[in-house]
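Written out below as C-alpha cells is the structure these notes cover.
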Amino acid sequence: MDKRKLLCLIAVILLAVGCICVVTCYTRDKEVALSPTDDSSQFVTLTDAVPDAILEIRYFGTYNFVGQRVDGYEEPTALLTRKAAEALKAVSEDVKAQGYRLKIYDAYRPQKGVDHFVRWAANVGDTLMRHYFYPDLDKSVLFDQEYIMEKSGHTRGSTVDLTLFDMASEKELDMGGTFDWFGPESHPDFCGNPETGEYTGDNHLSPAGRSITREQFEHRMILRRAMLAHGFKALPTEWWHFTLKDEPFPDTYFTFPVKQLSAK
C-alpha cells in the first residue's frame with residue numbers, strides 16, 4: 001500500500017472512532033440525565049420557602065382518586081426544587097396582596113408514587129373513588145386518555161398542584177371543580193379563553209352536561225395569571241397544575257420519599 005492510501009485509511013479510521021466516541025459520550029450523558037436519583041440536595045421543604053402556604057397533601061391521605069395513601073408519601077409535607085420554591089414565593093406575595101393564600105395539594109412526587117398510580121389504573125376493578133373523581137369515565141380509558149402516565153413532571157421537582165384560599169371568607173375559592181377531577185371540566189379553557197380571560201360558558205356544556213359559572217372561571221384566572229407572571233407554565237388539561245418554565249432538572253426523575261428535609 002502506498003503512503004497516500006495508508007494516510008487515507010488512517011484518516012477514515014480516526015473519523016470513525018471519533019464518531020463512535022461522540023455518540024457514546026452523548027448517549028452516556030443522556031443516560032445520566034435520564035437516570036433516577038435519590039439526591040434531594042437541591043430541594044427544599046416548600047413551607048420553609050413559602051411560610052404562608054396551606055398544605056392539604058391529598059396523596060398522604062385517602063381522599064384522592066386512589067382512595068389510599070400513595071407510595072412514597074411518608075409525611076404530609078410538600079417539597080420543591082429551590083428554584084421553583086423561590087418562584088412560588090413570588091406568587092405567594094402576589095396573591096397575598098389580592099387577599100389570598102396558596103393552598104398546596106401536591107408538589108414533588110417520587111417515582112414510586114407514579115408507579116402506584118400506574119398499578120391502580122391497571123386494576124380496572126378498583127373503582128372505590130369513581131364517584132368523587134371520574135364518574136363520567138370508564139376506568140379502562142385512563143391510560144389512553146393520558147389521565148395516568150408512567151412519567152410525571154411532578155417527579156422532576158418543579159411542578160405544583162394548588163388552588164387559592166380566600167382570607168376574607170376563610171374558604172377555598174370556588175374553582176368549579178375539585179382537584180384531580182378527570183374530565184374536560186378541569187381544562188383551563190373550559191367555558192372560557194385563558195389567554196384573554198374571557199368567559200364564554202353561558203351555553204357551554206361538557207359531554208356530561210356540566211358547566212362552570214363566570215365567577216368560577218374568573219377564580220381560575222386569578223390563579224393562572226399569578227403563576228404565569230412569576231415564571232410558571234400551565235397544563236392544558238388541569239387548572240391546578242403548573243410547572244416552572246426554566247425547571248432545573250428537565251430530564252431527571254427523582255426517587256427520594258416525600259418527608260421533611262433536613263436543613264441544608
TODO: Evaluate 2.2 N^0.38 Å with N set to the residue count of the range 110-243, then give the Cα radius of gyration divided by it.
DONE: 1.10
Open item on the list: Give me a comma-separated list of calculated 3J(HN,Hα) values for the range 214-225, in order, Karplus coefficients 6.51, -1.76, 1.60 applied at θ = phi - 60°, integers in Hz, x for any Gly or Pro.
Closed with: 4, 5, 5, 5, 5, 4, 4, 5, 4, 5, 4, 4
Task: Pair-distance profile P(r), taking every C-alpha pair of the range 188-264, with 10 angstrom steps and integer % - done: 16, 36, 25, 17, 5, 0
Task: Estimated distance in nm for a label pair at Lys171 and Glu215, the labels positioned 7 Å out from Cα along Cα-to-Cβ - done: 0.9 nm
Open item on the list: For the chain, take the longest principal axis of its alpha carbons; what is the angle in degrees between that and the long axis of helix 111-122, to the nearest 10 within 0 to 90?
Closed with: 70 degrees
Task: Cβ crowding within 10 Å averaged over residues, with 182-190, 105-113 ranked highest first - done: 105-113, 182-190
- [ ] Would you mind computing the Rg to Rh ratio of the chain from its alpha-carbon coordinates, Kirkwood style for Rh?
- [x] 1.12
Open item on the list: With a 1.4 Å probe and all protein chains left in place, how much accessible area per residue does the range 183-223 have, in Å²?
Closed with: 51 Å²
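On full extension of the chain, what length is gained from Ala122 through Asp246, given 0.36 nm per residue of separation minus the C-alpha to C-alpha distance?
The Ala122-Asp246 span can extend by a further 41.3 nm.
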Open item on the list: Largest first and in whole Å, what are the equivalent-ellipsoid semi-axes of the range 110-178 based on the Cα gyration tensor, each being the root of 5 times an eigenvalue?
Closed with: 27, 19, 10
Task: Packing rank of 80-92, 217-229, where each peptide gets the mean count of other beta carbons within 10 Å, highest leading - done: 80-92, 217-229
Open item on the list: Residues of the range 41-60 with the amide nitrogen closer than 12 Å to a label point 7 Å from the Cα of Tyr132, along Cα-to-Cβ, please.
Closed with: 58-60
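The values are calculated or read from the model by the stated rules, or taken from the named source; none is laboratory data. What you see is a predicted model; the values in this text were computed from it and never measured. Note that each Cβ is placed from the backbone with ideal geometry, even for glycine, and that neighbours are counted across all protein chains shown. The area values use the complete protein model at the heavy-atom level, side chains included, leaving out ligands, DNA and RNA. Shrake-Rupley method; radii C 1.70, N 1.55, O 1.52, S 1.80 Å.
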